[in-house]
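The values are calculated or read from the model by the stated rules, or taken from the named source; none is laboratory data. Remember, it's a predicted structure, so these values are computed and weren't measured experimentally. Neighbour counts run over all protein chains shown; Cβ positions are idealised from the backbone, glycine included. Just so you know, the surface numbers come from the protein's heavy atoms only, side chains and all, with ligands and any DNA or RNA stripped out. Shrake-Rupley method; radii C 1.70, N 1.55, O 1.52, S 1.80 Å.
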Amino acid sequence: MMKKKRYMNLFRNRSFLLEDALLILGATAVGFILLVVLVGCQRRELYVYGDEFRSVELEVDWRNYVDRDPDGMTVWFYSLDDLSKSPYRTTTANVRHHDLYLPGGYYQGVVVDYSPEEFSRQAFLNMERVDSARVEATPATYQPDSLTVSGEGVPSGVNDEVNWQLYGEPAWTDLQYPRPAVSEESGLYVVANQPEDMALDTLNNRYVDRGEYGDYIPWRERDYYQSTIKMTKIYSEPLPIIWKLRIRVWIKGGFNYLWQTPSAISGLADGHFLPRDVITDNPCLLNISNWELERTGENSGYISTTMNVFGLRPETVLDTREWRNGTDVSERIYYYTRGGGQQGQSRAGDTEPDYGDPTWWEHYVKNSLPKDVRLGLSFVLRDHATVKTWHFNVGHYIVSYDNQLVLRLELGPEFFDPNNPHGAHGDGGDPDNPSPDIILPYVDAYNGAGFGAEVTPWQEMPPVEINF
């Protein structure tokens, strides 16, 4: 009996071992099947940055800037919880959907098209600091001679005269604010490059969730895993920040004698603060070289051009765009802006006098103070030697279009009206020789070996009748 019980216990123990083996084999088979299934499914990427980082999805809409998406973009996120931290910067070709990781907290974001290294005519400065990060026009690297007059038979004195008038002290006469640096080599003010088109979106005070850490899921696969991820979504719509300045100037006489018109404009802003999305208050000097001719009479017409600028400096822009009363606009401007007084008070604190009915030129007072923007025009005539220069304080006449980054400056016949005090100017910078109009003197055409571009004479064309 004892042997029989011993054999029965041994049999039971062996059966237990067999059951364990079967369980192990079954578990292995199930694991193998699950492995095959998982391998056959889409791969789910997982990035572990630490528990302090959170998933952030940035969606960008470029339709308010360009019809076609740019090839790249750069993003900065500045921590508002700790301003001593360097910003999180990334440059990517994923311009519509971009995923990144940030520690939880509040941020000031900046989105621009392309990367800073791809812009040659503006520089990104102080990008480590949220309060001073900006884009600024770079100085022109070429010498003033290449900015002005070129061609056959041009005396050396012509370039000297034009450079002094456009880039020397006459370019800043009457302007009261700080001026650009002076080039040690030429002794003239440094000329800035016209900025390239660019877009900007500032993501103000955006909050990145401090909650539970979530796995990173590629945005194309998120429909499959929405229930498993936790992330902060941020939307961006970049807009253009570079203004178009359209200039049109009337030449009353001597239009046929014009050869070249080297020009410059001073007093416009030199850059843009990116995180704050405001124009800088530093002035710059910009060269103007490409003019189009528009004939309006036998020996008269317009010159016009369009250029890129950062816009009007903030301190030059008037809070009130139209003045309904008064003939002395500069005095009224002092009341409401620089003087610090309240509307209805004079500089001495007296009540504002009754100026009477508005004059016609007051309707042109739109954006800028009169002496904060100065336009210099040097006309080199067809003999390649005669130079005539006019300077205009044109702040009153820069007009902006609503909801568009377009500035317009038109100096037409109304500007040169003798009754317009802001239109008075001197020929060649001489205030004792005022000339109400641009009238170029007659000169003989250049007869040297070189080719001189001349304006073809204007011919009156007979009316054309069209029968339908």
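When Thr232, Thr141, Thr91 are compared by accessible area at a 1.4 angstrom probe, the order from most to least is Thr141, Thr91, Thr232.
Taking R0 as 30 Å, what FRET efficiency do you get between Arg129 and Asp71 from their Cβ-Cβ distance, rounded to the nearest 0.05? Intermediate results must be reported in sequence, preceding the final value.
On the way: r = 28 Å, r/R0 = 0.94.
FRET efficiency, Arg129 to Asp71: 0.60.
Spatial offset of segment 266-312 relative to segment 132-208 amounts to 11 Å, using the alpha carbon center of each.
Give the accessible surface of segment 59-143 per residue, rounded to a whole number of Å², with probe radius 1.4 Å and ligands, DNA and RNA excluded.
I get 50 Å² per residue for this part.
Using a 1.4 Å probe and counting only protein heavy atoms, arrange Arg134, Arg313, Arg206 so the residue with the most accessible area comes first. Intermediate results must be reported in sequence, preceding the final value.
On the way: Arg134 50, Arg313 5, Arg206 75 Å².
From most accessible down to least: Arg206, Arg134, Arg313.
Of Asp383, Asp444, the order by accessible heavy-atom surface (1.4 Å probe, DNA, RNA and ligands excluded), from most exposed downward, is Asp444, Asp383. Across the accessible surface of segment 71-168, with the other protein chains kept in place and a 1.4 Å probe, carbon and sulfur atoms take up 46 percent. For Asp372, nonlocal amide neighbours, meaning residues 5 or more places apart or on other chains whose placed amide H falls under 5 Å from its own, are Gly395. Quote the FRET efficiency, to the nearest 0.05, computed for Glu59 versus Ser304 with a Förster distance R0 of 41 Å and r equal to the Cβ-Cβ distance. Taking R0 as 41 Å, the efficiency between Glu59 and Ser304 is 0.50. Loop-located GluC sites (Glu not before Pro) in segment 135-175 (DSSP state other than H, G, I, E, B) with a sparse environment of at most 11 neighbouring Cβ atoms within 10 Å: Glu152. Let me know the shape class of segment 50-129, please: from the alpha-carbon gyration tensor, a ≥ b ≥ c as square roots of the eigenvalues, rounded when a/c is under 1.5, otherwise prolate if a/b is greater than b/c, or oblate. Oblate.
Summing charges over all other residues whose Cβ lies under 12 Å from the Cβ of Asp201, with Lys and Arg as +1 and Asp and Glu as -1, gives -4.
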